[in-house]
Every structure is written in C-alpha cells, then in structure tokens.
Amino acid sequence: MNAGKHILYKGEQLSEEEVQKRSTAFFQFMDKRRSVRFFSEQPVPKVIIENLIKTASSAPSGAHKQPWTFCVISNPSVKSEIRKAAEKEEYLSYNGRMSEEWLDDLKAIGTDWHKPFLERAPYLIIIFKKAYDFNEDGGKSKNYYVNESVGIAAGFLITAIHQAGLATLTHTPSPMNFLEKILNRPKNERAFLLLPVGYPTADATVPDLERKDLEEISVWFE
Ligand code: IYR
C-alpha cells in the first residue's frame, strides 16, 4: 500500500463494564436533546462557539477534505437581514409551495413562517458545503461525499451544542441561496443548514413527541 505517514492511535482501553456504563449514560443524555425555538438573549462567549465549530470540524470527511465553511453571525443587522429574507421564502413556502400533506405533517411541530429566533438567538451558525475547493494556483480540486461529510459535521455540531448546555434547531429555509448572497460566499459554496445557537428561555416549550422504539429502527442479523 502506498500510504502516507501513519501515527499510533491513542484510543482508550476501557473495561466492558465501563463501556456499557458510558454508552447508557450518553444515550440518556442525548435523548434529552430537543430542537428548541425559544432563545434567551443571554450572551454566549465567543470562545464557546469556537470550541463548538472545532468539534464539528473534527468529523470524518471524504478523503479528509473537510468540505465545509461555518459562517458565524452575531451582528444584529446581518441577523435581521437573514430573518427578513428567510421569512420571505418561508411565507411563500407555507402559503403555496408546501403540499397539504407536508403542512399536515408539520401541525404537531407547530411551525409557521415567522422566524423570530433568527434575531433572538445570540449566534447563527450557517454551514456551507463546498462542492469543490480551489488549490494554490486557483485550479479546482475535488471533494468527495460532500453531503455525507457535511451532514456528519452538522451532527457533531448539534451534539456539541447540546453537550455544552446550549440549544439549537436545524432551520432549512427553502430555497436557501439568499444566504450565499447575504454572506458573500464564493461560488463553490452552497448553504447546507442554519443553526441558531444560544441558551433556551426558562419557559421554552417543545412539541410532545415520542421517538421510535429500537425494534422499529433496527434489523439485526445475528
Ligand atoms: N423549513 C420550514 C418548514 C419545516 C420543514 C420541516 I420537514 C420541519 O421539520 C420543520 C419546518 C421551517 O423551518 O419552518
């Protein structure tokens, strides 16, 4: 094999009992995560957001290309501009672009075209996927499995936000290309996901939903 330099992986060597304990505790912790739409205006120090993004960027990616850019918005006038543009698209979506079945499926969630969290949350993190990159001489270099890679990084980010004690939701205004314009992104970047980040309000509510049982989501070949 024509491999690059490899180094020793310093993985932890834990007892089976410890691994079992950890996996249970982590499931119970992650099971408490919810998409939250009500944010407090309590400020979040920048260093916390930096740590969250570094965690997201530790995700695996096709050929280790890390085909993502995280745009971090705390500037109130940029947040307002994003809210205005998102609500314009969402109004059209909720009033004609989305099917009756779709609108019906969203009733339990209770969403509509109003998106106050886009201004209230102290930070908006917008993940852009890079269809390709530019090399030093301005030529194009290929990225691989871009959707899978950026989706995994988004999962890492959501997990890190929850672990830090903050709240978020995955907002996907459709179409999202207004974000590329407002944030002046290069032509190899497409908006992938928008995550408002902050502390939840003390009286934040979430829909009363249940998760599928293990039996419904898994098939075992033993
Ligand atoms: N993007 C819209 C609609 C929406 C779609 C799905 I699927 C959701 O799970 C929730 C909302 C919005 O953000 O309101």
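Taken together, the values in this text are just the output of simple stated rules run on the coordinates, not laboratory data. For clarity, every value in this text was computed on a predicted model and none was experimentally measured. Cβ atoms come from the backbone with ideal geometry, glycine included; neighbour counts cover every protein chain shown.
What number of residues within the range 51-84 are closer than 30 Å to HIS114 by Cβ and hydroxyl-bearing (Ser, Thr, Tyr)?
Result for the range 51-84: 4.
For LEU118, are the conditions met, namely being within 11 Å of the ligand (Cβ to nearest atom), touching a helix residue (DSSP H, G or I) at 6+ places or on another chain (Cβ under 9 Å) and aliphatic (A, V, I, L, M)?
Considered against the rule, which asks whether it is within 11 Å of the ligand (Cβ to nearest atom), touching a helix residue (DSSP H, G or I) at 6+ places or on another chain (Cβ under 9 Å) and aliphatic (A, V, I, L, M), LEU118 comes out as yes.
All but one of (1) without any contact (Cβ under 8 Å) to a residue 24 or more places away in the chain; (2) touching a strand residue (DSSP E or B) at 6+ places or on another chain (Cβ under 7 Å) hold for LYS79; which doesn't?
The one condition LYS79 does not meet is (1).
Just to check your reading of the model, which residue among ALA85, ALA108, ALA153 is within 16 Å of the ligand (Cβ to nearest atom), crowded, with 16+ Cβ neighbours inside 10 Å and either within 21 Å of the chain's Cα centre (by Cα) or not charged (D, E, K, R) (or both)?
After ruling out the rest, the residue left standing is ALA85.
Name every residue in the range 161-190 that is in contact with a helix residue (DSSP H, G or I) (Cβ under 9 Å, 6 or more places away or on another chain), surrounded by fewer than 20 Cβ atoms within 10 Å (Cβ to Cβ) and either at positive phi or part of a helix (DSSP H, G or I) (or both), in order of residue number.
Answer for the range 161-190, where residues must be in contact with a helix residue (DSSP H, G or I) (Cβ under 9 Å, 6 or more places away or on another chain), surrounded by fewer than 20 Cβ atoms within 10 Å (Cβ to Cβ) and either at positive phi or part of a helix (DSSP H, G or I) (or both): HIS162, GLN163, ALA164, PHE178, LYS181, ILE182.
Consider only pairs whose beta carbons are under 9 Å apart and that are at least six residues apart or on different chains; among these, list those whose first residue lies in the range 155-174 and is under 15 Å from SER58 (Cβ atoms) and touching a residue at least 24 places away in the same chain (Cβ under 8 Å) and whose second residue is among the aromatic types (Phe, Trp, Tyr) and outside any helix (DSSP H, G or I).
From residues that are under 15 Å from SER58 (Cβ atoms) and touching a residue at least 24 places away in the same chain (Cβ under 8 Å), the pairs are LEU157/PHE70.
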